[in-house]
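What follows is a short report on a single structure.
The values are calculated or read from the model by the stated rules, or taken from the named source; none is laboratory data. Predicted model, so just to flag it, every value in this text is computed and none were measured. A quick note on method: Cβ atoms are made from the backbone with ideal geometry, for glycine too, and the neighbour counts reach across all protein chains shown.
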Amino acid sequence: MTSAVSEDDKRQVRAIVRKSGSSFYWAMRLLPRKRREAMFALYALARELDDIADEPGEPTAKLSKLEAWKKEIDALYAGIPNSPISRALLPAIQYFKLDKREFLELIAGMETDVKGPVIAPSEEDLHLYCRRVAGTIGLLSLAIFGRDEEEAKTFSLALADALQLTNILRDLTEDAAMGRLYLPKELLKRHGVSGATPEAIIRHENLHRVCEELVGQAEEHFRDAREALKKVGAEHLRPAIIMMAVYHEILQRLKRRGWRQLTPKLSLSGSAKAWIAFRHLLTVQP
């Protein structure tokens, strides 16, 4: 038997998801109720942790909040959650057997940002960062979708890498304003891009070469995800497939816009996201 969640906790979680304006909202709405509520709770937690990492404030205070969430994860897995988000997560953990280690890895990814700032990480460190902040959500989502095959995990992790690299390319200006730069140092060096600060680096005349190469890496991850999907089929994976379509469209628009002009931040309208969701609802067979 799984624990019941109060209507107030559900409302608070749904409010976090709606307020975020995330592309994930359109994909999650397509799920059956139990899976949808589990995904809402998971996304609300990810949003909460991300906000801690990005909010203004001293790193010590942020790390303290993240440490408190580690303790809350312990309490959650002990069956005594203390916040609306974790109370909403409890049935998902009980019913879908979500792996506690993935939650702790997610928090570790946020700690990387807080302890940073991250500036031109190595490709190896960037891969680890993507695994922590995106791969964790991918694998936890996969469990909620009811898929645990190795090829499904391959699909999920490849898609997570593709989405995170797309985020990095989309958010260059926003991240630089916070003193962050996720473009790997190997690419910067290869294309002769340097600067004293992230903001100086993204103004470099050769930045477009770095971005174009990273686009190629993102496209490769999208291809890997599509190839893995052919082997496992689309059953229960429609939300992830919709996210793949949404983010691939963002990547295509970034490519068309180019890398000389990085503002304003590129995003899809709510109607565009809804149309992608509707189109895949019709064309992707369960």
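General observations
- Residues that are surrounded by 20 or more Cβ atoms within 10 Å (Cβ to Cβ) and on the phi > 0 side of the Ramachandran plot, drawn from the stretch 16-68: none
- Here Arg238, Arg209 are screened, and the one residue that is basic (Lys, Arg) and at pLDDT 95 or above is Arg209.
- Enumeration of residues in the stretch 12-46 that are among the basic types (Lys, Arg) and modelled with pLDDT under 90: Arg14, Arg18, Lys19, Arg29
- Asp9 out of contact with any Phe, Trp or Tyr (no Cβ under 9 Å at 6 or more places or on another chain), at pLDDT below 95 and of a type in the set (D, E, K, R): yes
- Residue within the stretch 70-81 that is among the charged types (D, E, K, R), free of Cβ contacts under 8 Å to residues at least 40 places away in the same chain, within 25 Å of Val118 (Cβ to Cβ) and part of a loop (DSSP other than H, G, I, E, B) present: no
- Checking each residue in the stretch 227-261 for being touching a residue at least 12 places away in the same chain (Cβ under 8 Å), under 15 Å from Glu151 (Cα atoms) and out of contact with any helix residue (DSSP H, G or I) (no Cβ under 7 Å at 6 or more places or on another chain) picks out only Glu235.
- On the stretch given as the stretch 15-45, residues that are closer than 18 Å to Ser86 by Cβ and in contact with a Leu (Cβ under 7 Å, 6 or more places away or on another chain) total 4.
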